[in-house]
Amino acid sequence: MQEREKGFALVGLESALLFERPEETYARVFREMRPRTQAPSVRIEYCPFANADCFVRLEDGGLHLRVSDLFQGAPAPVVEALAYILLCKLFRREVPKTFTRRYRLYLNRKEVRRQAHLVRQIRGRKFLSGPQGERYNLEEIFDRLNATYFDGLLGRPALGWSRGASRQMLGHFDPSHNAIIMSRIFDTAAAPPLALEYVMFHEMLHLRYPVDHAGARRRVHTREFRDAEKAFPQYKEAKELLKRL
């Protein structure tokens, strides 16, 4: 009998959650975290960000949230998960894994990923300097590696150099804008050509092996990706050169 009553109570809680407005959800989560503090007023502003960015701040006794419009109309459990994530960060608490997983599952849904991809294409700004650098032409390097290691089957994306000579971001592939950006640190006589070719090869592998989405997991470097990367001639030598940079 007790188990049955517990089941009815759980169903009632889930039903209440479904009819809860987002503002009410944030107020409830706040009360759970700060039971001795009066619940603040809640203002949610849905913003046309280029990514699934969300921000929260507590000011003048009220919660002000700026939330990506990707979450506008999201299911109630997802709103609850986002509320826990944002308020845990606000109060510097560890986010319960249940809510982190729920949040990631939502963002990994095919229709949400498709919408996020389209949003980044339309709203995101991408600096592209063009392939010709002071010393190297990225199109020539791409075409040579494409013919040597990919049988010339990769479509050439937009290619460009970064604004500065970054040592943290040596290269990256942006699928939303179909672009490979290389750090200008390689566009000098002092930079070994092997290091530039290896990083370009690595970014080209992202064209060959797209990101794998499974459940709440998002794997950028799959096992196939890693195996193909290690097949690069002078792989270990190239990695050592990058460490020196």
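I'm trying to understand the selection: among the residues of segment 141-173, which are out of contact with any strand residue (DSSP E or B) (no Cβ under 7 Å at 6 or more places or on another chain), within 21 Å of Leu242 (Cβ to Cβ) and either modelled with pLDDT of 90 or more or not polar (S, T, N, Q) (or both)?
Ile141, Arg144, Leu145, Thr148, Tyr149, Arg163, Gly164, Ala165, Arg167, Met169, Leu170
If the requirement is being in the same structural domain as Cys47 (by TED's automatic domain parsing), outside any loop (DSSP other than H, G, I, E, B), of a type outside the set (Val, Ile, Thr) and at pLDDT below 85, which of these qualifies: His213, His117?
The unique qualifying residue is His117.
Checking the conditions here, which among Arg144, Arg66, Arg57, Arg101 is surrounded by fewer than 18 Cβ atoms within 10 Å (Cβ to Cβ), among the charged types (D, E, K, R), in contact with a Phe, Trp or Tyr (Cβ under 6 Å, 6 or more places away or on another chain) and outside any loop (DSSP other than H, G, I, E, B)?
Arg66
Being β-branched (Val, Ile, Thr) and more than 26 Å from the chain's Cα centre (by Cα) is the requirement here; does Ile141 meet it?
The answer is yes for Ile141.
Would you be able to say whether some residue in segment 168-188 is surrounded by fewer than 16 Cβ atoms within 10 Å (Cβ to Cβ) and assigned to a helix (DSSP H, G or I)?
No - not one qualifying residue is present in segment 168-188.
Does any residue in segment 134-151 that is farther than 18 Å from Ser183 by Cα come within less than 9 Å, Cβ to Cβ, of a residue that is among the basic types (Lys, Arg) six or more places away or on a different chain, and which pairs are these?
Pairs found: Asp143/Arg156; Asn146/Arg156; Phe150/Arg208.
Kindly evaluate Asn137 against the criterion of being under 30 Å from Lys110 (Cβ atoms) and among the polar types (S, T, N, Q).
no
The values are calculated or read from the model by the stated rules, or taken from the named source; none is laboratory data. Only a predicted model underlies this, so the values are computations on that prediction, with no experimental measurement involved. Ideal geometry is used to build each Cβ from the backbone, glycine not excepted, and the neighbour counts take in all protein chains shown.
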